[in-house]
Amino acid sequence: MRKSPWLMTRGDAERYVQIAQDAPTADERRGALLHLAKTRYANDDDIFDAYVSIARSDPSVSVRCAAIRQVAESRRPVATDVLAEILIEAAGSQAWMRVREDALNSLYFLQRNNAIAPGDEPHLAKLAKKILETDESRDARIAATRLLGEYQSREGLSALMGALRDPDFGVVYHAEKSLVRLTGVENGRSLRAWHAWLSETKDPFAGRPHLVEETPSRPNWWQRTFLGRKSSKQGG
């Protein structure tokens, strides 16, 4: 019988770290990460370092994604750099599509929780723009549209408008939502209408000078969104 998470000792946490790093199966490693996340030691420095190492190097997509979410859960300033580096390292690889998706979703989570420094935003916007314009994964492109919807830049606006031509309806839908969020304007999914509006608009962001919305009081987005995935998607 497993201990209650809050009854786990530091030694228990260290054993979970060892399992997460060394167990022979992806299910064991991922399970150890999820149990470790529930302990009071989940954000200790050495455990955070283990998350980072696993997120960058584990051979299983599902294990790397579980570690990526824990990096985001920490809300540490360094988490932004770690996730951006993982995003770059996974670029262009079909095998690591989900890694890119989860890294983008994690950056979105940090942004919505005011855990990203303003100085990092232009770099993240460029990464999201590149993924939106070039990535084969529709889920990564959708995640990129959501992240771009957080940054008021003409380059991001142009990329979102271009995404209205995406062959995937989900990408088009989220691109439109981000355009409305950025501008406060409703032009539907018509690229022509958006271009006409932009050509007549001096400041496209004047209608939405601040991007302020409620943020979750508890960082449990990954539990709701990701842990419900079918086990077939969680395999090594």
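Readers should treat all values here as calculations from the given coordinates under stated rules, not as data from a laboratory. Computed from a predicted model, the values in this text were never measured in an experiment. Please note: Cβ atoms are built from the backbone with ideal geometry, for glycine as well, and neighbour counts cover all protein chains shown.
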Once phi for every residue in the range 122-138 is put through the Karplus expression 6.51 cos²θ - 1.76 cosθ + 1.60 (θ = phi - 60°), the whole-Hz ³J(HN,Hα) values, with Gly and Pro written as x, are x, 5, 5, 4, 5, 4, 5, 4, 4, 5, 4, 8, 10, 6, 6, 7, 5
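Based on the Cβ-Cβ distance from residue 158 to residue 19, what FRET efficiency comes out when R0 is 41 Å, to the nearest 0.05?
Working: r = 47 Å, r/R0 = 1.14.
Once the sixth-power term is evaluated, E becomes 0.30.
For the chain, count all C-alpha to C-alpha pairs, find those more than 25 Å apart, and express that count as a whole percent of the total.
Values: 12078 of 27730 pairs.
Considering the chain, 44 percent of its Cα-Cα pairs are separated by more than 25 Å.
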Under the rule rounded for a/c under 1.5, else prolate if a/b exceeds b/c, else oblate, using alpha carbon gyration tensor axes a ≥ b ≥ c, the range 41-101 is classed as prolate
What is the helix-to-structure angle for 26-37, meaning the angle in degrees between its Cα long axis and the longest Cα principal axis of the chain, kept from 0 to 90 and rounded to the nearest 10?
90
In deg cm²/dmol and to the nearest 500, what is the mean residue ellipticity at 222 nm of the chain if only DSSP H runs of at least 4 residues count, each as -39500 (n - 2.57), divided by the residue total?
-19000 deg cm²/dmol
Within the under-12-Å Cβ sphere about residue 173, not counting residue 173, Lys/Arg +1 and Asp/Glu -1 give a net charge of +2
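First select every other residue whose beta carbon is under 14 angstrom from the beta carbon of residue 70; then total the charges, Lys and Arg +1, Asp and Glu -1. All intermediate terms of the calculation are to be shown ahead of the outcome.
Working: positive: 29, 30, 38, 56, 64, 69, 75, 76; negative: 44, 45, 46, 49, 58, 73, 102.
Charge balance near residue 70 sits at +1.
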Over the range 1-54, relative contact order from alpha-carbon pairs under 8 Å, at least 6 apart, %
37
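What length, rounded to one decimal in nm, is gained on full extension from residue 138 through to residue 114, with 0.36 nm per residue of separation minus their alpha-carbon distance?
On the way: separation 24, 0.36 × 24 = 8.64 nm, distance 2.64 nm.
Taking residue 138 through residue 114 to full extension adds about 6.0 nm, to one decimal.
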Answer rounded, prolate or oblate for the range 1-122, using the Cα gyration tensor with square roots of eigenvalues a ≥ b ≥ c: rounded when a/c is under 1.5, else prolate when a/b is larger than b/c, else oblate.
oblate
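Could you grab the relative contact order for the chain? Cα pairs under 8 Å, six or more apart, rounded to a whole percent. Mind showing how you got there, number by number?
Values: 281 pairs, mean separation 35.1, N = 236.
Value for the chain: 15 percent.
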For the chain, the longest principal axis of the Cα atoms and the Cα long axis of helix 10-22 enclose an angle in degrees, to the nearest 10, of 70
